[in-house]
Amino acid sequence: MHYVTRMYLGRNKPDGAAITDAEFNGFIRSIVAATFPDGFTIIHAEGGWNGSTGFIREPSAVLEVYHDGARPARVKVKAVAVAYRIAFEQDAVMVSTTNLTEAVEFV
């Protein structure tokens with residue numbers, strides 16, 4: 001089985017300041033690349049949700065990782081999501097995992 005997990009990462013801090021590109025890229029280099037050395041994808045996006053201070057719209061990034069769904073992979077996904085939430089004081093990081101019905105192929 002193959003799975004894809006998407007982590008939705010808000011790019012604003014609680015005080016409204018933006019997470020800078022340098023801060024974000026530092027997290028990607030030090031945490032994400034070290035945790036998923038086989039690769040990952042980052043999609044730049046804009047998100048919206050009801051946070052602790054009301055409806056929030058903010059720049060976001062979707063971190064996408066393909067994996068086998070085994071416990072070690074799931075533990076790594078959760079560790080990255082928690083690390084991001086703590087590092088940038090996020091209310092939450094949404095994590096969505098989908099079972100792929102077709103095999104992933106690299107051409």
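The values are calculated or read from the model by the stated rules, or taken from the named source; none is laboratory data. As the structure is a computational prediction, the values presented were derived from the model and not from experiment. Note that each Cβ is placed from the backbone with ideal geometry, even for glycine, and that neighbours are counted across all protein chains shown.
Residues in region 29-68 that are of a type in the set (F, W, Y) and in contact with an Asp or Glu (Cβ under 7 Å, 6 or more places away or on another chain): F40 only. The residue that is modelled with the highest pLDDT, counting only those in region 28-68 that are out of contact with any Leu (no Cβ under 9 Å at 6 or more places or on another chain), farther than 18 Å from T97 by Cβ and of a type in the set (V, I, T), is I31. Evaluation of V80 against the conditions (1) in contact (Cβ under 8 Å) with a residue 60 or more places away in the chain; (2) outside any helix (DSSP H, G or I) shows that the sole unmet condition is (2).
Reported count of residues in region 2-38, each being over 16 Å from A81 (Cβ atoms) and either without any contact (Cβ under 8 Å) to a residue 24 or more places away in the chain or in a strand (DSSP E or B) (or both), is 14. For region 39-59, the candidate set comprises residues that are hydroxyl-bearing (S, T, Y) and either in a strand (DSSP E or B) or without any contact (Cβ under 8 Å) to a residue 24 or more places away in the chain (or both); within that set, the residue that is farthest from K13 (Cα to Cα) is T41.
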